[in-house]
Amino acid sequence: KALNNEDCVTISNAIDEKVFYPKTSIREKNTVLCLPRKNAQDIATIRKIVERKIEDVRFQYADGLDETGIADAFRRADIFLASGYPEGLALPPMEAMFSGAVVVGFAGRGGREFMIDGETALVSEDGDCISAAENLISLLSNDTKKEDLRDKARQVVMQNYKIDDLKMRLKSFYDALDGKIKE
């Protein structure tokens, strides 16, 4: 039996909350984590602008880490600078949110599904380093906004991207598919 458009199912990525989780006690205030493999020149530009305005900021770079290492880096970071674009559904910002880091930067288009500007993250148009730096500066000097974004982001990703939920959606999909094949 042929499948029609009504039978389409969207299966999104998911994050393993046993690996990515917050640990407030190790979070380093005003530490900004960057992944230099994603648009390193943009990161350098943003950093230069931010450091002219804010003295109490520390940029850290994570590269070549395994899943456990990057999860720990996200837990330690206060803020994650999302520099990846273009992206489908950007996993690093989602992993950062799961781990308790506030996300600032670029959504790479696909990240807009969970990076909601002003609600769950501070988002700039891809490549707009001035806007990203301004967002980062405003966040570094506003702990209340930082905590509000952190809380809302964690709620959104926990509600929509847990691995157990993905497993249930996949099982439901295959069960329905199996039923269609038997028809």
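Things worth noting here:
- For Ala121: the one exception among (1) touching a strand residue (DSSP E or B) at 6+ places or on another chain (Cβ under 7 Å); (2) over 12 Å from Ala82 (Cβ atoms): (2)
- Number of residues in the range 1-54 that are of a type in the set (S, T, N, Q), at pLDDT 95 or above and surrounded by 12 or more Cβ atoms within 10 Å (Cβ to Cβ): the value is 4.
- Residue ID - surrounded by the most Cβ atoms within 10 Å (Cβ to Cβ), chosen from residues in the range 66-98 that are of a type in the set (Gly, Ala, Ser) and part of a helix (DSSP H, G or I): Ala96
- Conditions (1) closer than 16 Å to Ile79 by Cβ; (2) part of a helix (DSSP H, G or I): number failed by Leu122: (2)
- Meets criteria (surrounded by fewer than 19 Cβ atoms within 10 Å (Cβ to Cβ), on the phi > 0 side of the Ramachandran plot and not in a helix (DSSP H, G or I)) for Gly127: yes
- Residue within the range 135-157 that is farther than 23 Å from Lys18 by Cα, touching a residue at least 60 places away in the same chain (Cβ under 8 Å), in contact with a helix residue (DSSP H, G or I) (Cβ under 8 Å, 6 or more places away or on another chain) and open to solvent by 20 Å² or more (accessible area, probe 1.4 Å) present: yes
- Selection status of Met115, crowded, with 21+ Cβ neighbours inside 10 Å, part of a helix (DSSP H, G or I) and at pLDDT 95 or above: no
- Residue match in the range 39-49 (condition: among the basic types (Lys, Arg) and either under 26 Å from Ser138 (Cβ atoms) or touching an Asp or Glu at 6+ places or on another chain (Cβ under 8 Å) (or both)): yes
- Test result for Ala101, within 16 Å of the chain's Cα centre (by Cα), touching a residue at least 60 places away in the same chain (Cβ under 8 Å) and buried (at least 21 other Cβ atoms within 10 Å of the Cβ): yes
The values are calculated or read from the model by the stated rules, or taken from the named source; none is laboratory data. In this text, all values refer to a predicted model and were calculated from it rather than measured experimentally. Counting neighbours? That spans all protein chains shown, and the Cβs are built from the backbone with ideal geometry, glycine included. Side chains are part of the model used for accessible areas, which takes the heavy atoms of the whole protein and leaves out ligands, DNA and RNA. Shrake-Rupley method; radii C 1.70, N 1.55, O 1.52, S 1.80 Å.
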